[in-house]
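The values are calculated or read from the model by the stated rules, or taken from the named source; none is laboratory data. These figures come from a predicted structure and were not determined experimentally. Cβ sites come from the backbone with ideal geometry, for glycine too, and all protein chains shown count toward neighbours. Ligands, DNA and RNA are excluded from the accessible area calculation, which covers all protein heavy atoms including side chains. Shrake-Rupley method; radii C 1.70, N 1.55, O 1.52, S 1.80 Å.
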Amino acid sequence: MEQILRSPGIVERIKYFACEVTMAILPVSDALTIRTEGSRVLLLHNGALITSMPWQAAIEIAKALAGAARLAQEMDDAQRIIADQAIVRRLGLPIGLTNNPRLQAEALKEAQWGDIRRYIPSISVASGEAIGTPALIQDRRKGDHHGKPNHQ
Amino acid sequence: MSNSLFDGGREAFLGGDADWDANTIKLVCVDHADDTPNVTTDDNLDDILAAARVATSGAFASKTKTAGVADAADVVLTTVTGDQFESIVIYKDTGTESTSLLLVFIDTATGLPCTPNGANITVAWDSGANKIFRL
């Protein structure tokens, strides 16, 4: 054994072999499996290879998948998000629970016209009207040299 | 009370029944000893008793409505006589009292209440941001 280990280049070959056989098996579902082989990431379905990609590509795809998944989750939770956003709007809090303009529009409608009005009834948009303060200036009567303009 | 729009005036603006620069707009001086305008329930000129109307102006000139701010040239009431008045009411004049919409109630102004002395009275509108009123 010692003789084998002393042979030239054996350590490098062992390291290479270890790298090739080291694999992480991450079961995603019963049918879908992700595993690694060396610097590549493999995606298998029922044991059959679907795709093999470099680890850099796998990271980029994972980020894109996570973003898409959050959007899909938002649509799945749309009713709850609309209800929560309507409460926030009704309370007058400047907090957005979603960036989706359609959900925001629905939440606005719910806040304005939905049943929530019965439970949070007192919040309303104040009128922005404002009335100026004019001045009435009364001239002096003819011949009234002692009179003053009526600035009361 | 304080300066305010009449409820009917608000409805008229929102419903397209009052057009600030296209309609004939006037003001009337009101003696509260005879009738105090109610911005909630009064909607047309006939809701203010004739006896309470001390003076009425001519049609406002140079009206503007830029950015929702109503403005006009200062109004001169000529040779005003009669009782002391406590407020002025701006209304849309249709020529018929029962359809002349009350728009703005002003009881907070420099020179109010005012006791006419027979001379002219100039109503100088606010030169600040709100002018006559702002929606």
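Observations, loosely collected:
- Screening B:Asp17 with (1) more than 14 Å from chain A (Cβ to nearest Cβ); (2) open to solvent by less than 60 Å² (accessible area, probe 1.4 Å) gives one miss only, at (2).
- Residue within region B:98-121 that is more than 14 Å from every other protein chain (Cβ to nearest Cβ) and without any contact (Cβ under 8 Å) to a residue 12 or more places away in the chain present: no
- In region A:87-109, the residues that are under 18 Å from A:Glu74 (Cα atoms), assigned to a helix (DSSP H, G or I), of a type outside the set (Val, Ile, Thr) and open to solvent by less than 90 Å² (accessible area, probe 1.4 Å): A:Leu103, A:Gln104, A:Ala105, A:Glu106, A:Ala107, A:Leu108
- Unmet requirement for B:Gly82, which otherwise passes all of (1) modelled with pLDDT under 95; (2) under 23 Å from B:Asp42 (Cβ atoms); (3) open to solvent by less than 20 Å² (accessible area, probe 1.4 Å); (4) of a type outside the set (Val, Ile, Thr): (3)
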